[in-house]
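Right, one structure below, let's go through it.
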Amino acid sequence: MIGGTGLIGSKVVDKLREHGHEAIAAAPKTGVNTLTGEGLAEALDGADVVVDVSNSPSFDDDPAMEFFRTATTNLLEQSQKANVKHYVALSVVGTDQLQDSGYFRAKQAQEDMIAGSGQPYSIVHATQFFEFVRSISDFSTVDGEIHLPPVRFQPMAADDVAAGVARVAMGAPLNAVREIAGPEQFRLDEMVRTALADKGDPRPVVADEKAPYFGVQVTDRTLVPGSDAELGGITYTQWAAQQK
């Protein structure tokens, strides 16, 4: 499990272990560094499946591209040497429609490298996490107001993300993308307004059709999955109640 000590990775490790699988949490703090290759051979020795949920420490264009290209190159090379039978990676719903963002260009590069590697693979596209609504708010704040486009938005709980990734990891390679999402759709401005009110955050949220999403102009369909997406079971209300 690459990125196995983070928000999603630690939950995936737990879910795999609950199903009787041996899951190793690999991350820099456990001595595994995908950028330098340190500890990677040892971590993948004997592994049947590699699951990569790691993320770039920077969202800036060049550092993000460098991270995903270097880390994915090292992971693909080492997984091939280890005869890994299934390569699983976590990405984002709408990545191919967010290419005006350097970060999402880097995510697309990661996906393209995996799909073109010749190795059996599955890519999981998840919608945004409830846990990241605050980050969306902070990024979209202008002069004390949060400007967001009133487009459709279908966020999900990190627990449901982890469950979806674990299901894919335990199955046969898809050699394709699997979309997962939350059980409810909102308008983006509506979702953020509700979440901030629950946290006692007084910043006003403005529905602005010209406002970008992380610097990218989006349509009403950009942030929501297709009709065949697997939906999680945790609603926003249920998730919010768990945070109190």
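The values are calculated or read from the model by the stated rules, or taken from the named source; none is laboratory data. Since the model is a prediction, treat every value here as computed from it, not as a measurement. Because the Cβ atoms are built from the backbone with ideal geometry, glycine has one as well, and the counts that use them run over all protein chains shown.
Annotations
- Test: residue in the stretch 72-95 that is buried (at least 17 other Cβ atoms within 10 Å of the Cβ), of a type outside the set (S, T, N, Q), under 30 Å from residue 219 (Cβ atoms) and out of contact with any helix residue (DSSP H, G or I) (no Cβ under 7 Å at 6 or more places or on another chain): yes
- Residue check, residue 172 in a loop (DSSP other than H, G, I, E, B), out of contact with any Lys or Arg (no Cβ under 7 Å at 6 or more places or on another chain) and buried (at least 16 other Cβ atoms within 10 Å of the Cβ): no
- Among the candidates 201, 220, residue that is more than 23 Å from residue 183 (Cβ to Cβ), assigned to a loop (DSSP other than H, G, I, E, B) and of a type in the set (D, E, K, R): 201
- Residue check for residue 195: buried (at least 17 other Cβ atoms within 10 Å of the Cβ), at negative phi, within 15 Å of the chain's Cα centre (by Cα) and in a helix (DSSP H, G or I): no
- Looking across the stretch 217-239 at every residue that is aliphatic (A, V, I, L, M) and either touching a Lys or Arg at 6+ places or on another chain (Cβ under 9 Å) or modelled with pLDDT under 95 (or both), the one that is surrounded by the fewest Cβ atoms within 10 Å (Cβ to Cβ) is identified as 229.
- Of all residues in the stretch 94-120, those that are within 15 Å of residue 80 (Cβ to Cβ) have Cβ atoms under 6 Å from Cβ atoms of residues that are at pLDDT 95 or above, 6 or more apart or on another chain, in 113/72; 114/89; 114/121; 117/76; 119/87; 120/86; 120/173.
- Residue match in the stretch 137-159 (condition: in contact with a helix residue (DSSP H, G or I) (Cβ under 8 Å, 6 or more places away or on another chain), within 18 Å of residue 215 (Cα to Cα), assigned to a helix (DSSP H, G or I) and in contact (Cβ under 8 Å) with a residue 60 or more places away in the chain): yes
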